[in-house]
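Below is one structure; the comments refer to it alone.
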């Protein structure tokens, strides 16, 4: 499983550049769960939680929330931010392919294209089975990806993120090596450059990792292969009224999966 270790190990800098307003996303998951089940969302797990944006927001809303990340640095940082905010949440350092919660949760979310680190098909199947095993019978799994209009085989695209806090400015440039996806493996070798301007000095960190591109039909097929999840619906943004299409921005690819039998 490929990881951008130079980037993700520096949680405080990642947070400055990659933070975003996720209130709309939390409402989307909450409303989608209620529309599917007829009951309020009671518990949620955020996989690859990073600084724990969604975990903390759900906890503030009164939902029992857990954040899981492979990087201990991210888990420690997320826990610190939660304590600063007076938020009660649970934090776990674990692999998304192999984890066990104390009890199943109503919803699991994997945002920020985080599934793309699973380059091997068997890893995705193991992940889906693990997710299903930790969901309530009427549970919901929500995946967020970059919209296919904005990245693809012919053009991976380039992305820039930046922010400033307390005199520290962080710039993250994604795909500086002009990568492309291999048509057989659907994997791209992606370079990311992080620049940190702090205390009058600039430091640069360069990272590379493999990223996998997923399509909606592939997710549906692998879910069927897992025998544990099925694709329920697809959205073009964090909007219940917007189906997945090639419409104008803002756009994302949001896939909702449910345990088999629901």
When the Debye formula is applied to the Cα atoms of the range 159-211, each taken as the same point scatterer, what base-10 log of I(q)/I(0) results at q = 0.20 Å⁻¹?
-0.70
Within the set 19, 86, 50, GNM on the chain using Cα springs under 10 Å gives the largest fluctuation to 86
Of all DSSP beta bridges with both partners in the chain, the antiparallel percent, nearest 5, is 70
GNM, the chain, Cα, under 10 Å: largest mean-square fluctuation among 238, 33, 205?
205
What ranking, highest mean first, results for peptides 41-47, 212-218, 242-248, 114-120 when packing means the other Cβ atoms within 10 Å averaged over each residue?
41-47, 114-120, 212-218, 242-248
Once every DSSP H run of n ≥ 4 in the chain is given -39500 (n - 2.57) and the sum is divided by its residues, what mean residue ellipticity at 222 nm do you get, rounded to the nearest 500 deg cm²/dmol?
-8500 deg cm²/dmol
Point-to-point label distance, residue 203-residue 224, nm (Cα→Cβ direction, 7 Å offset)
5.0
Tell me, how many Å apart are the Cα centres for the range 198-232 and for the range 40-66?
20
Max mean-square fluctuation residue, GNM over the chain, Cα-Cα springs under 10 Å, options 25, 198, 173:
198
Taking 8 Å as the Cα distance limit and 6 or more residues as the minimum spacing, I'd like the relative contact order of the chain as a percentage.
18
Roughly speaking, what is the stretch gain from residue 6 to residue 239, that is 0.36 nm per residue apart minus the C-alpha to C-alpha distance, in nm to one decimal?
80.5 nm
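Readers should treat all values here as calculations from the given coordinates under stated rules, not as data from a laboratory. Note that the coordinates shown come from a computational prediction; the quantities given were computed from them, not determined experimentally. When we count neighbours, we look across all protein chains shown, and the Cβ atoms used for this are built from the backbone with ideal geometry, even at glycine.
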